[in-house]
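*Asks:* Handing you a structure now.
The values are calculated or read from the model by the stated rules, or taken from the named source; none is laboratory data. This one's a predicted model, so the numbers in the text were calculated from it and none came from an experiment. Cβ placement follows ideal geometry from the backbone for every residue including glycine, while neighbour counts extend to all protein chains displayed. Ligands, DNA and RNA are stripped out before the accessible areas are found, and what is left, the full protein with its side chains, is counted by its heavy atoms. Shrake-Rupley method; radii C 1.70, N 1.55, O 1.52, S 1.80 Å.
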Amino acid sequence: MRLSYLLVLALIFSVYKGYSQQDVDFHLNGTFLAGKNILKVKRDFNDPYLWVLAQNNEVYRINSITKVVENYTREFSNYSNLQFIDIAGRSQDTVFIATNSTTVLEYKKGIVKVIGASDGIAGTVNSIGIDAVGKNNGFIQTDHIAIIATSNGISRYDYLNEIILPTPKNAASRVFEATYRSEMLSDGEYCRCYPDTVDHFPAFTLANYTIFGGELWLGGNSFGHNLKTAFYTSGSAYIPYDKYSLYANQFWATENGLFQNYWNYSYTSTSAFPYKHYLKGTNISKITSIFGLLSFGDSYVKENLLVGSSQGLYFTNSQYQHGWSATYTFFHYDELGNKAINDICVNANSYTTTNMANICEDGVWVAANDGLYFIKPDYNPYTDTTKQLQAVQFDGQSSTVSEVQLCANTSVKASVNSAAYVGNAVQWYKDGKQLPNESNTTLNITQAGDYNAILYDPCTAIHFETNHLKVIKIAAPVFSFNYADQLSYCDGSTATLKTDNNINYQYRWYKDGALNGNTTATLNTSQSGKYKVEVSACSGNWVASKEVQVDFIKVSQPVIAADKPGYCMGDQASLSINFINDGAYTINWFLDGNLISADQNKTSITTTQAGNYTVSINSNIANCSKVSTSYILNFNNPPNINIQQIINSTLCDGETVALKASYLGGNIKWSTGETTDKIIVKQSGNYSATVTTAAGCTATKNVNIQFSHNPVLALPDATLCQFINQAITLTAPAGFAKYEWNGQQGDSSFSTGKLGSVVLKVTDYNGCVALQTINISSHCDDIHLPNTFTPNGDGINDTWVIAGLEGDASSMVRVYNRYGKLLFQSSGYTTPWGGTFEGKKLSPGVYYYVISARAAKQVLSGSLTVIY
């Protein structure tokens, strides 16, 4: 076995260039999710998909063959309160997301399941991975396991049965690597930990069917204390147990850089196998490796380390079988610059584990702070297998054409001739330098230079350098078109646009994006629009000037209008123009040809000065202006008005008086609202009349009308007793000029003995009259009834005489005996009763009467005695 190993080494050194020299190139093949901070990228074991975790909990799935990107972020939108820190895909339908809590999210066929502490997660999650699958050869020795590293140990999730398996040990754990061929983690389960000058950190690696435990070193004078990431190399695609310790090396990163020790002697830092220190002081985030060509027999492969850091991506020379003597040289991948690298995942064309010879790791996914990059390895430049191949040509040209002239601002396409080469990897070069992201079979060329392609296969020894194509660029036409972006002219004028007139150039003009037919260097126009010129120095290639806006400014003729048809002396006139000034115009007012500077840019002014007014509008963009016609402003004198009272006599209450206004021209309106020249008034007060002329001038005249109050009479009604011939005297208030009693002139007193009414009329010294009727009624009984009479024929008191019924035809007199029998009845009582009934004298005695008088308003009753 030892001899075979030496023969393999001899073969390696005979085929490849220097042991520590660069022996691989990487070509930037594609850029995805540009501008996003990509935190983690993991390729599935079971299909060509990979899962990507970006900042702000964004989740994406990419088909590594078709390169189609799908956004799965919204599937996890309900968990925005959690911070996603790691991702591991089992297949295109199943992915696990670790959060910085005791929670892991499982997405399976459109359904999100929350796996938490109640399900058996041991502590706060820090990393996650899928255990190796295929032959029960993972850490867990069982297929379909997700490894969840927490602060309290490894939680093993059986995603087929959806249960958490028992945690091996309650100790802090981490998953450093979990791919189809490499797994490395820590869980504090085992440490040889010999007494040493440094701290030992136990780490476990998987070599096919076997789990190996080694120690990483921290502390001391060199190693640092913050373990960031770790990895191991085996140097073989398939390693029997007895060879692992011969070839395995461990790598880990701290704040002090990258360290390497020999696994078999990692139990002590004082062994005969010294550690190695690389990239001192570099902030490293990820360590992994890529397997190269399987061309050395006995399953040995080229293996190159890949290191992601805050200063960019590093790769190394390859090692074979490794062992304690393996020393690496690190090369910076300049195509990505110094951008921060967060994670690295190696892509393989297949993950078949039964025959490693069928596997080719054909690319590397690099998660950076500004996007996800895919780079392809190319080993063949360092194997002396490069061949020349006539395989590229200009599109539309014969394959014999190796040089074309390219007009400025145009392009030409070059393509790989499929009849000459059919391969899976192309990288274009310009002037000997790699063109990043140009890895398709077609290249769009816009610049002069020498172009060729490298046709290679990361999985075979194919490597061709194609023929070269030369592009010569014809300079663009040089011309000037130095105009402002906006040009303004007066309406009715002509604008001239021109550029340099070169007989070797062609010209064409555009208006509003359409060719207008002008093919000279000069354009004259009187139409508004957007104009540009295109100039050509070679056929089919036009260079455009900038576009300028040409406007023809139309200034409206201003018209001065007043706020009313005329003005009077003392008025303030308001003059205006119907114009909206958007700031592009200057407005000037003039009085008798003199500028009114205080009213500049006003669309309306007020004034008390008569004269000839004009206004001008001037464009501030172009030298255009319009002036109004003159407006003659006059201020008129007010009209004259007089009011005549058409009566000379004294006015008394209840009388009327006519007021008449005299004026010349205009319309009149009285304070009463009437609009006639003459009005009739009957109440005291101030009356005014206002005359308004056609010019709006007004004049007002006032007159005061007073009506004298009529005299007031308030004599009380009086009474007398006419039965006894009583007389009374009525007395009116003194001070009146004239007294009339019942139409007869008299003085202030009047005597009468009659019942009834007395009419008094008085006239005061203003000639005002008052009338009053005084009612005189009786204050004594006006019907006198004797209670006895003697009808004996002696001529004295022979009849029952009733005084007061004289002239009362409505009176009714009835006499009854004590039995109520009617003995006498008389209507009007013109003849007194003589004490008889039916012509016979009644017996002396007492009788009873009932008298109705004054239309039944007065009823009297009582007894009457007849005596003989």
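*Asks:* Measure off 7 Å from each Cα along the Cα-to-Cβ vector at ASP370 and ASP196, then give the distance between these two points in nanometres to one decimal.
*Replies:* Placing both labels 7 Å beyond Cα along the Cβ direction yields 4.0 nm.
*Asks:* Per DSSP H run of n ≥ 4, the term is -39500 (n - 2.57); total these for the chain, divide by its residue number, and report the mean residue ellipticity at 222 nm rounded to 500 deg cm²/dmol.
*Replies:* -500 deg cm²/dmol
*Asks:* Got a number for carbon plus sulfur as a percent of region 401-528's accessible area, 1.4 Å probe?
*Replies:* Carbon with sulfur: 46 percent of the solvent-accessible area.
*Asks:* With no solvent and one equal point scatterer placed on each C-alpha of region 727-868, evaluate the Debye formula and give log10 I(q)/I(0) for q = 0.17, 0.19 Å⁻¹, two decimals.
*Replies:* Here log10 of I(q) over I(0) equals -0.90, -1.05.
*Asks:* If you find the alpha carbon centre of region 475-531 and of region 95-110, how far apart are they in angstrom?
*Replies:* 64
*Asks:* Can you pull the one-decimal nm distance between simple spin-label points at SER77 and THR729, each 7 Å off the Cα toward Cβ?
*Replies:* 12.0
*Asks:* May I ask you to rank MET184, MET569 by accessible area, largest first, using a 1.4 Å probe over the protein chains only?
*Replies:* Most to least solvent-accessible, the answer reads MET569, MET184.
*Asks:* Once both labels are modelled 7 Å past Cα along the beta-carbon direction, what's the THR830-SER101 spacing in nm?
*Replies:* Each label point is offset 7 Å from its Cα along the Cβ direction, giving 13.3 nm.
*Asks:* How far, in degrees from 0 to 90, does helix 2-15 lean away from the longest principal axis of the Cα atoms of the chain, to the nearest 10?
*Replies:* The angle comes out near 70 degrees.
*Asks:* Take the Cα coordinates of region 723-780, assign each an equal point scatterer, and use the Debye formula without solvent to give log10 I(q)/I(0) at q = 0.15, 0.18, 0.28, 0.29 Å⁻¹.
*Replies:* So the normalised log intensities work out to -0.45, -0.61, -1.18, -1.25.
*Asks:* Given H placed on each backbone N at 1.01 Å, which residues far from ILE462 in sequence or on other chains put an amide H within less than 5 Å of it?
*Replies:* HN-HN under 5 Å from ILE462: ASP457.
*Asks:* Quick one: go through region 581-621 and flag any residue whose amide nitrogen is under 17 Å from the point 7 Å out along the Cα-to-Cβ line of ALA561.
*Replies:* Of the residues in region 581-621, 581, 603-606, 615 have backbone N under 17 Å from the label point off ALA561.
*Asks:* Using R₀ = 35 Å, calculate the FRET efficiency as 1/(1 + (r/R₀)^6) where r is the Cβ-Cβ separation of ASN482 and THR410; round to 0.05.
*Replies:* Computed FRET efficiency for ASN482 and THR410 comes out at 0.85.
*Asks:* Same structure again: Under a 1.4 Å probe, what is the accessible area of the chain per residue, stated in Å²?
*Replies:* Ligands and nucleic acids excluded, the result is 48 Å² per residue.
*Asks:* Using mean Cβ contacts within 10 Å as the protection proxy, how do 70-79, 535-544 order, highest first?
*Replies:* Order by mean packing, descending: 535-544, 70-79.
*Asks:* Right, here's the next one. Which whole-Hz ³J(HN,Hα) couplings does region 622-631 yield from phi under the Karplus relation 6.51 cos²θ - 1.76 cosθ + 1.60, θ = phi - 60°, glycine and proline marked x?
*Replies:* For region 622-631, the Karplus curve yields 10, 7, 10, 8, 9, 10, 6, 6, 6, 10 Hz.
*Asks:* In 5 Å bins starting at 0, how do the alpha-carbon pair distances of region 419-468 split up by percent?
*Replies:* 5, 20, 33, 24, 12, 4, 1
*Asks:* Can you tell me the convex hull volume per residue for region 361-422, based on C-alpha atoms, in Å³ to the nearest whole number?
*Replies:* Roughly 180 Å³ of hull volume per residue.
*Asks:* Calculate the translational D of the chain in whole µm² s⁻¹ from Stokes-Einstein, where the hydrodynamic radius comes from the Kirkwood formula applied to all Cα pairs, the temperature is 37 °C and the viscosity 0.692 mPa s.
*Replies:* 78
*Asks:* Starting from the Cα-Cα distance between LYS738 and GLN388, subtract it from 0.36 nm times their residue separation and give me the gain in nm to one decimal.
*Replies:* Answer, rounded to one decimal: 110.5 nm.
*Asks:* Something else now. Report in % the part of the accessible area of region 609-659 that belongs to carbon and sulfur, leaving out ligands and nucleic acids; probe 1.4 Å.
*Replies:* C and S fraction of accessible area: 41 percent.
*Asks:* At a temperature of 25 °C and a viscosity of 0.890 mPa s, determine how fast region 686-729 diffuses translationally according to Stokes-Einstein, using the Kirkwood radius over alpha-carbon pairs as Rh; express D in µm²/s, rounded to the nearest whole number.
*Replies:* 148
*Asks:* Using amide H atoms built in the peptide plane, which far-off residues or other-chain residues are under 5 Å from GLU183 H to H?
*Replies:* Here the answer is LEU206, since their amide H atoms fall under 5 Å of that of GLU183.
*Asks:* Semi-axes of the equivalent ellipsoid of region 524-608: what are they in whole Å, largest first, if each equals the square root of 5 times a C-alpha gyration tensor eigenvalue?
*Replies:* Here the semi-axes work out to 50, 11, 9 Å.
*Asks:* For THR608 and ASP119 in the same chain, what is the full-extension length gain: residue separation times 0.36 nm, less their Cα-Cα distance, in nm?
*Replies:* Here the segment from THR608 to ASP119 would lengthen by 166.6 nm.
*Asks:* Per-residue counts of other Cβ atoms within 10 Å, averaged by peptide: what ranking do you get for 482-495, 609-622, highest first?
*Replies:* 609-622, 482-495
*Asks:* Suppose the chain between THR586 and ILE111 were pulled fully straight at 0.36 nm per residue; how much longer would it get relative to their current alpha carbon spacing?
*Replies:* In short, 163.9 nm is gained.
*Asks:* Between ASN775 and ASN578, take the C-beta separation as r, use R0 = 60 Å, and let me know the FRET efficiency to the nearest 0.05.
*Replies:* The calculated FRET efficiency here is 0.15.
*Asks:* What residue among THR752, THR692, ASN742 has its Cα farthest toward the positive end of the dipole of region 673-798, where the charges are +1 on Lys, Arg and -1 on Asp, Glu, each on the Cβ?
*Replies:* Among THR752, THR692, ASN742, the one farthest towards the positive end of the dipole of region 673-798 is THR692.
*Asks:* Still on this structure, please answer the following. If you place +1 on the Cβ of every Lys and Arg, -1 on the Cβ of every Asp and Glu, and leave all else neutral, what size is the dipole of region 493-534 about its Cα centre, to the nearest 20 Debye?
*Replies:* Magnitude of the dipole: close to 80 debye.
*Asks:* State the answer as a single residue: which of LEU805, THR608, GLN434 lies farthest towards the positive end of the charge dipole of the chain, with beta carbon charges of +1 for Lys and Arg and -1 for Asp and Glu, about the Cα centre.
*Replies:* Among LEU805, THR608, GLN434, the one farthest towards the positive end of the dipole of the chain is LEU805.
*Asks:* Applying a 10 Å radius around every beta-carbon, put 799-805, 772-778 in order of their mean neighbour count, most first.
*Replies:* With the highest mean Cβ count within 10 Å placed first, the list reads 799-805, 772-778.
*Asks:* Out of THR205, ILE375, ALA408, whose Cα points farthest toward the positive end of the dipole of the chain (charges: +1 Lys, Arg; -1 Asp, Glu; placed on Cβ)?
*Replies:* Toward the positive end, the furthest listed residue is ALA408.
*Asks:* On a 31 Å Cα-Cα criterion, which of the cross-link pairs LYS511/LYS626; LYS67/LYS302; LYS546/LYS626; LYS339/LYS470 come out too long?
*Replies:* From the list (LYS511/LYS626; LYS67/LYS302; LYS546/LYS626; LYS339/LYS470), the Cα-Cα distance tops 31 Å for LYS546/LYS626; LYS339/LYS470.
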